[in-house]
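For reference, the structure is listed below as structure tokens.
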Amino acid sequence: MRKRGSFPQETACYSGIGMGGATTLLLERLNNRSATVGVIGLGYVGLPLLVEFAKAGFSAFGFDVDGAKVERIGRGESDIPDVATEELAAAVDAGRLVATSDFQKLAEVDTVNICVPTPLRKTKDPDLSFVAAATESVSAHLHPGQLIILESTTYPGTTEEVVQPLLERSGLKVGQDFFLAFSPERVDPGNSEWRTANIPKVVGGVDSASTEVAAALYRQIVKTVVPVSSTRVAEMVKLLENTFRAVNIGLVNELALMCRDLEVNVWEVIDAAKTKPFGFMPFYPGPGLGGHCIPIDPFYLSWKARQNGFESRFIELAGHINGRMPRYVLERVSDALNTVGKPLKGAAIHLFGVAYKANVGDVRESPALDLSQLLQERGAKLSYSDPYVASLELGQVHLEAIEPSATFDQEFDCAVITTPHASFDYDEIVRRSPLIVDTRNALRGRTDLHIVRL
Ligand code: SAJ
């Protein structure tokens with residue numbers, strides 16, 4: 001009878017067979033899916049990954065420090081919108097997926113994917129405390145033949161300079177006793193087209209055997225695996241991807257400021273430029289840069305570059321421009337109110353959308369929060385609608401979302417479209433708002449005089 005919270009098969013014994021033997025044995029267990037896999041961190045990256053492993057037939061242990069989350073997952077309840085509860089429940093009921101906060105069970109797994117947050121400290125320095133804590137748990141139960149893969153977005157060198165030494169405190173040595181690799185997570189929350197199983201997976205090991213076994217693990221669940229020559233290359237790939245976005249968003253935000261002075265419609269310019277069938281990719285101005293990736297990841301890269309005496313000016317400049325956009329939107333709101341003879345102080349401002357991007361409920365680093373803070377500081381009275389965000393804490397102020405049906409029961413002087421959720425009724429917003437500052441071109445094509453665009 002299987003003990004609750006464990007799997008029937010015995011943990012493989014990799015001792016005394018050398019790295020070549022361990023590679024062969026692990027490859028066999030991965031390819032015939034008899035391996036037991038582990039994922040640490042059951043958030044928007046780790047939980048989809050865990051479910052994919054279970055669906056592929058592996059026995060899959062999910063590890064998380066959040067006991068309530070572990071309990072929910074153990075009941076087959078998903079708290080991640082991209083993971084269908086039915087799928088999770090099926091994996092749990094089939095005895096293929098076990099969630100636990102008992103990190104001792106790491107001794108029972110052949111592979112471990114570390115999918116924990118890598119935020120920035122207030123000083124804009126990398127915060128690797130979650131990675132270190134997870135790695136220390138792995139190190140305490142590390143056994144010969146285990147494959148450890150870091151997925152958390154981080155600067156080039158983290159795997160070899162931070163993770164490897166912590167793992168080798170166990171007395172085991174990478175390349176001799178265990179495998180170690182890095183593979184950037186590329187999950188795009190809310191994207192129904194690109195999901196864990198069909199997003200190409202880049203992977204780089206500390207040595208070729210680590211790359212080989214890590215690629216073999218991912219090939220069981222991902223359509224396209226892209227092996228690269230080292231962990232540093234794999235770490236840098238993700239930072240290039242997201243720095244590319246941050247810098248290009250900074251470029252179009254600066255263009256928006258230029259176009260205003262030149263009296264050119266920046267949205268029309270971008271729409272026309274994107275007709276170029278090659279060599280161009282559209283980005284759009286907005287109220288600022290939100291989310292837990294794009295505003296954060298580039299500063300992991302610039303921090304590391306600075307450690308090597310290199311000043312990454314593009315990243316810093318983009319951060320400055322993107323960081324100034326909430327203040328620019330404030331100026332546009334103030335100017336718009338002036339055109340109708342109203343001061344910002346005491347004006348009632350209603351925000352449409354506070355999440356960091358359309359059709360999600362995540363407010364982390366959302367520019368709408370910065371804008372709200374600025375508006376409050378100038379004495380504006382704030383309200384908001386957002387179908388995904390029920391309430392907001394703005395400093396000492398608690399705001400509840402106004403139901404869409406009740407939005408126009410209240411009087412307000414100016415609406416600001418901060419997040420262009422698809423579910424908003426834009427015809428009604430245009431019809432019933434006295435003044436609108438549209439920061440996302442959500443009202444594209446409308447020429448009503450009471451609409452002001454970035
Ligand atoms: N933004 C603009 N203008 C743009 C694009 C985005 O102002 O042209 C703003 C958004 O409103 C948001 C922020 O930038 O506030 C970030 O937007 P994002 O579209 O980059 O979305 P994220 O933060 O969810 O980024 C994720 C990233 N995925 C991973 O890191 C695995 C990113 O690499 C993806 O490209 C992005 O999703 C995506 O394409 O949706």
**Asked** Is the shape of the stretch 311-422 rounded, prolate or oblate, going by the alpha carbon gyration tensor and its root eigenvalues a ≥ b ≥ c, with a/c under 1.5 for rounded and a/b larger than b/c for prolate?
**Response** oblate
**Request:** Tabulate in residue order the Karplus-calculated ³J(HN,Hα) for the stretch 101-118, using 6.51 cos²θ - 1.76 cosθ + 1.60 with θ = phi - 60°, rounded to whole Hz; enter x for Gly and Pro.
**Result:** 9, 8, 6, 5, 5, 4, 5, 8, 9, 8, 9, 9, 9, 9, 10, 10, x, 10
**Prompt:** On full extension of the chain, what length is gained from K223 through E28, given 0.36 nm per residue of separation minus the C-alpha to C-alpha distance?
**Reply:** 68.3 nm
**Complete:** With a Förster distance of 25 angstrom and the Cβ-Cβ distance between L172 and A132, calculated FRET efficiency to the nearest 0.05 equals 0.90
**Request:** Take the alpha-carbon centre of the stretch 301-315, take the same for the stretch 195-271, and report the distance between them in whole Å.
**Result:** 19
**Request:** Enumerate the amide H contacts of I148 below 5 Å, restricted to partners 5 or more residues apart or on another chain; note that Pro and chain-start residues carry no placed amide H.
**Result:** V112, F179, L180, A181
**Complete:** Counting only DSSP loop positions in the stretch 44-106, the trypsin sites (Lys or Arg not before Pro) whose Cβ has at most 14 other Cβ atoms within 10 Å are R75
**Accessible-area ranking of I17, I149, I402, largest first, probe 1.4 Å** = I17, I402, I149
**Request:** Take the stretch 245-453, compute every pairwise Cα distance, and split them into 10 Å bins from 0; I just need the percent in each bin.
**Result:** 8, 33, 36, 17, 5, 1
**Prompt:** Which helices of the chain meet both criteria: a Cα extent of 30 Å or more along the helical axis and a mean Kyte-Doolittle score no lower than -1.0, with helices taken as whole DSSP H segments?
**Reply:** 231-262, 313-339
**Under Karplus coefficients 6.51, -1.76 and 1.60, residue-wise ³J(HN,Hα) of the stretch 445-454 in Hz, glycine/proline x** = x, 7, 10, 4, 5, 8, 9, 10, 10, 4
**Fill in**
Given Cβ charges of +1 for Lys and Arg and -1 for Asp and Glu, the option among T275, S385, L30 whose Cα lies farthest towards the positive end of the dipole of the chain is T275
**Item:** Cβ-based net charge around A348, under 10 Å, with every Lys or Arg adding one and every Asp or Glu removing one
**Value:** 0
**Prompt:** Which number do you get for Rg(Cα) / (2.2 N^0.38 Å) in the chain?
**Reply:** 1.10
**Message:** So, R0 is 22 Å and r is the distance between the beta-carbons of F408 and R378; what FRET efficiency does that work out to, to 0.05?
**Reply:** 0.35
**Asked** Which is the longest part of the chain that has none of the chymotrypsin sites (Phe, Trp or Tyr not before Pro) sitting in a DSSP loop with at most 16 other Cβ atoms within 10 Å?
**Response** 1-193
**Prompt:** So who's got an amide H within less than 5 Å of the one on V416, skipping anything under 5 residues away but keeping other chains? H placed 1.01 Å off N, in plane.
**Reply:** H350, L351, F352, V437
**Request:** Give me the distance between the Cα centres of the stretch 142-187 and the stretch 351-398, rounded to whole Å.
**Result:** 39
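At 222 nm, what value in deg cm²/dmol follows for the chain if DSSP H runs of at least 4 each add -39500 (n - 2.57) and the sum is divided by all its residues, to the nearest 500? List each step's numbers first, then the result.
Values: 13 runs with 166 residues, N = 454.
Value at 222 nm, helices only, nearest 500: -11500 deg cm²/dmol.
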**Complete:** Per 5 angstrom bin, beginning at 0 and ending with the bin that holds the maximum distance, the Cα pairs of the stretch 26-75 fall in percents of 5, 22, 28, 23, 12, 7, 3, 0
**Message:** Show log10 I(q)/I(0) for the stretch 18-229 at q = 0.12 Å⁻¹, two decimals, from a solvent-free Debye sum over equal Cα scatterers.
**Reply:** -0.56
**Request:** Tell me the GluC sites (Glu not before Pro) within the stretch 262-331 that lie in a loop according to DSSP and have at most 10 other beta-carbon atoms within 10 Å.
**Result:** E263, E311
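Once you list every other residue whose beta carbon is under 12 Å from the beta carbon of G76, what net charge do they have if Lys and Arg are +1 and Asp and Glu are -1?
Charge balance in the 12 Å sphere: -3.
For the stretch 176-269, what mean projected area does the convex hull of the alpha carbons give, in nm²?
Values: hull surface 32.4 nm².
So the Cα hull casts an average projection of 8.1 nm².
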**Fill in**
Once amide hydrogens are built 1.01 Å from N within the peptide plane, the residues lying 5 or more places from I40 or on another chain with amide H under 5 Å from its amide H are F63, N113, I114, C115
**Item:** Cα-based reach from K238 at 23 Å (exclusive), listing lysines while leaving out same-chain residues under 8 positions away
**Value:** K122, K124, K201, K223, K304, K357
**Request:** Determine how large the accessible area of H398 is when every protein chain is in place; take a 1.4 Å probe and give Å² rounded to the nearest 10.
**Result:** 90
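The values are calculated or read from the model by the stated rules, or taken from the named source; none is laboratory data. For clarity, every value in this text was computed on a predicted model and none was experimentally measured. Note that we place each Cβ from the backbone using ideal geometry, even for glycine, and neighbour counts take in every protein chain shown. Ligands, DNA and RNA are excluded from the accessible area calculation, which covers all protein heavy atoms including side chains. Shrake-Rupley method; radii C 1.70, N 1.55, O 1.52, S 1.80 Å.
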